[in-house]
Structure formats: C-alpha cells, structure tokens
Ligand code: AMP
Ligand code: GLY
C-alpha cells in the first residue's frame with residue numbers, strides 16, 4: 001500500500017514512524033515532511049493550498065490513503081475535495097472541522113445540547129464587548145473566533161488587559177474579526193481526551209496532559225506545547241463516562257443535526273473542575289506533542305485502524321495499547337514562541353540513543369548535504385516509555401545532554417505533577 005501524510009511537524013513524524021511499522025506499507029509520501037520523515041518516506045514539497053495539484057499527484061502515484069495531520073487543510077475542506085475523486089482520506093470533512101475552525105460554532109453546539117463549557121457571550125463589535133467587560137469578574141477569557149495557531153486566547157486579569165485584547169482582535173491581529181468570544185475563566189486542571197471515529201462509532205484514543213506555557217512552573221506565553229505525558233493523571237472510569245456522555249456524544253448529535261458525521265481523530269481539550277469535565281476547545285486532529293507521546297504506546301497496526309475508519313468498520317478493529325507511561329520533552333529554538341533563529345545546524349543528532357522505548361521525533365528540521373538544520377520553533381521531541389515516569393525523565397535528560405545544542409532550550413519540569421522523586 002502507498003500512504004501520504006500531510007504536515008511537517010513532530011506529529012507527522014510520529015505518524016510516519018507508526019505507519020512505517022505496518023507490514024502493509026510499500027511506500028510513504030510526506031507533504032512536505034521534515035528531516036525525520038526523510039529517512040522513512042519521500043518528502044514532497046507541494047503547495048498544500050492547491051488541492052488540485054495535490055490530487056493529481058495522488059492519482060498519478062496511486063496513493064491508497066491520505067492521512068491529514070494539521071487543522072488548516074481540514075478546515076479548508078481537503079477531505080471533501082479529495083473524496084470527490086474517490087481518494088481515501090483519514091480526517092473530518094469541512095463542516096465537522098468547524099469544531100476547531102470556529103470557536104463560536106462549537107459554543108453554539110454546546111449551548112444547544114447542554115454540553116458543559118465556560119459561560120460565554122458572543123459580541124459583534126468592540127463597543128458591545130467592552131460594555132460587557134464593565135459588568136464582568138476577573139480573570140476573564142477573550143478569544144478570537146478564527147484559527148490562530150493557539151495564540152488567539154487571552155486570559156485577562158483586569159479590565160484594561162481585556163480591553164487591549166479586544167482591540168488587538170478587532171484590529172485584525174488574527175485575521176479579519178467579525179465577532180469576539182468572551183468567556184468565564186474556569187479554574188481547574190486541563191487534560192486532553194482523544195477519540196477516533198469512523199462516521200458511525202468512535203473509540204477512545206488515549207489521554208494526555210500537555211504543558212502549553214513556555215516557562216517552568218507553567219508560566220509565560222502560550223506555545224504549541226513544550227512537552228506532555230500520557231496517560232493523564234486525572235482520568236478514571238467515572239470521569240471517562242462523563243466525558244463521553246456529556247461532551248462527545250452530544251457533539252456528534254449536534255453534527256448529525258447539521259447533516260454530517262465525524263471521521264478522524266477528535267481531540268477534546270478539557271478543564272476538570274471538581275471531577276467534572278468542561279469543554280474548553282475541540283481540535284479536529286491529534287495534538288502535537290500529544291501524538292508523539294501517545295503513538296509509541298499503540299500496539300495495533302495503525303493502518304488497520306485508519307482503513308477501518310475509512311470503511312466505516314472501526315467496530316471490527318480492536319485498539320490495543322502497551323500498558324506503559326509515556327513522557328515527551330520538546331526541544332525548541334531559543335526565542336520561541338517569539339522570534340528565533342533559523343537554519344542553525346544541530347550537530348550531535350547522531351549521538352542520540354534510540355531503542356525500543358526511546359524515540360526522537362523531528363519537528364522543525366530539514367536535511368541539507370547530510371546535515372540537519374533547525375528551521376522551526378519546536379525542533380525535536382524526545383519521547384520515552386517506561387513503567388515509572390521518573391525513569392523516562394532520566395533517559396530523556398541523558399539524550400538532551402548528548403544533544404548538547406547551544407541554540408536550543410527546553411522545559412526541565414515537564415511532567416512534574418506525575419514524576420515521583
Ligand atoms: P484554547 O485555544 O481555547 O485551547 O485556549 C488556550 C488555553 O487557554 C487553554 O489551553 C487554557 O489553558 C486556556 N483557557 C482557554 N479557555 C479557558 C477558560 N474558559 N478558563 C480557563 N482557561 C482557559
Ligand atoms: N498541544 C496542543 C495542540 O496540539 O493543539
């Protein structure tokens with residue numbers, strides 16, 4: 001079989017690595033991939049906005065299955081487009097992708113189906129938004145409606161911070177803003193709950209907790225994710241039942257009312273407050289670095305899972321997991337999430353220890369003349385499986401020491417809530 005993977009991050013390298021393990025695979029193409037996928041697949045640099053060119057390539061090369069990593073092409077309707085040409089694609093369609101593409105779309109489903117979420121208001125202009133602020137309690141959360149790569153969310157501690165946020169959003173910082181979302185601040189602990197769907201049924205696809213802030217102690221600016229662990233320390237059977245019955249199932253009902261269904265990974269970002277789950281946001285894909293953290297635990301052939309989802313037969317495929325803990329540290333370029341230098345060589349990458357339970361996934365890297373260069377903010381992911389999180393941490397620290405990369409930095413405290421000293 002030939003498989004194509006869309007995306008270039010750590011998530012896509014981890015997907016490529018899992019797919020490569022399947023004995024059904026003859027060839028993998030990555031659009032565009034990174035230096036990590038280059039050793040497993042053929043990297044193809046196509047303009048991903050041009051669906052027709054991509055379709056022509058897929059048809060010409062007889063690619064049997066496309067797996068979409070990031071949200072942007074999903075929200076732009078890549079699945080609907082390719083399926084028109086009878087191409088098998090693992091990922092949700094354009095309407096269902098609004099769950100990530102528009103926070104207001106999701107909030108409206110929450111309201112209609114009583115899905116627990118932060119209380120919210122939607123405001124069409126700055127004056128109405130600001131007059132609401134006068135009556136509000138702080139902190140308060142202000143969100144741009146569009147896809148903003150995790151950056152369109154402000155936690156405002158005072159009226160003046162909230163006012164600045166509203167001005168930035170309506171001044172177009174995240175693209176043209178027609179509305180702003182203002183919501184209640186939920187104080188609890190966050191976890192990520194993943195499901196995989198075939199349009200008819202869904203199954204759990206593990207849990208994780210990530211560290212979104214750039215500085216130790218979960219402080220500083222929001223990032224794409226500085227590290228992660230799986231499973232979440234919060235999950236138990238009772239909580240899982242609540243998540244499925246109060247959040248996931250009503251959401252699918254909401255999509256069904258809109259005349260659509262869900263195929264692909266669904267990532268529910270939750271706030272757990274006094275053992276109750278609240279939906280913070282949906283993502284219509286695996287998380288990054290959650291994907292790198294979770295996939296090494298998967299025992300079942302991932303291709304069997306993807307194909308059964310595309311054939312609406314997920315009920316016939318059992319998903320088995322290694323009963324181990326997984327820890328992931330992300331190595332970033334100094335300066336991230338603000339400006340950082342690009343095209344810096346990573347010299348010691350060949351010294352990294354990789355074996356059965358120790359993995360290195362590339363993110364923002366490219367290969368030139370047999371050398372590896374950092375080109376993105378998040379550069380490498382070190383993932384280790386172990387019985388105890390502490391053992392995984394020791395092994396990852398050893399690898400980071402071997403990497404000895406002056407231009408990089410990482411958070412030393414990833415997993416501090418689960419690592420027993
Ligand atoms: P989002 O892009 O919606 O996931 O928001 C980014 C981050 O902002 C989340 O991961 C939370 O840490 C935080 N956040 C978003 N909404 C709320 C809320 N209503 N209460 C508390 N924190 C929130
Ligand atoms: N790690 C957060 C995300 O993928 O959105």
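Tabulated data for the structure shown
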item: Length-normalised contact order for region 215-299 - Cα pairs under 8 Å, 6+ apart - percent; result: 31
item: 222 nm mean residue ellipticity, helices alone, for the chain (DSSP H n ≥ 4; -39,500 (n - 2.57); rounded to 500); result: -7500 deg cm²/dmol
item: The chain - Rg and Dmax from Cα coordinates, angstrom; result: 20.9, 61
item: q = 0.12, 0.13 Å⁻¹, region 39-187: log10 I(q)/I(0) [Debye, one scatterer per Cα]; result: -0.63, -0.70
item: Kirkwood hydrodynamic radius (C-alpha pairs) into Stokes-Einstein, region 222-306, 37 °C and 0.692 mPa s, D in µm²/s; result: 223
item: Two-site label geometry, residue 341 and residue 135: point separation in nm, points 7 Å out along Cα→Cβ; result: 5.4
item: Peptides 103-111, 343-351, 307-315 ordered by average Cβ neighbours within 10 Å, highest first; result: 103-111, 307-315, 343-351
item: Mean Cα-pair separation over length for the chain, i.e. relative contact order, pairs under 8 Å, 6 or more apart, %; result: 16
item: Alpha-carbon gyration tensor eigenvalues x 5, square-rooted, for region 196-266, Å; result: 29, 15, 11
item: For a label point 7 Å along the Cα-to-beta-carbon line of residue 222, residues of region 129-144 with backbone N under 13 Å; result: 140-144
item: Backbone N within region 75-98 under 20 Å of label point (7 Å from residue 49 Cα along the Cβ vector); result: 75-82, 94
item: Length-normalised contact order of region 86-211 in % [C-alpha pairs under 8 Å, at least 6 apart]; result: 23
item: Antiparallel bridges, percent of DSSP beta bridges restricted to the chain (to nearest 5); result: 80
item: By average C-beta atoms within 10 angstrom, highest first, the peptides 247-256, 380-389; result: 380-389, 247-256
item: Ordering of 225-233, 289-297, 407-415 by packing [mean C-beta count within 10 Å, highest first]; result: 289-297, 225-233, 407-415
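Each value in this text was obtained by applying a stated rule to the coordinates, not by laboratory testing. As the structure is a prediction and not an experimental result, all values here were calculated from the model. We place every Cβ from the backbone using ideal geometry, glycine too, and count neighbours over all the protein chains shown.
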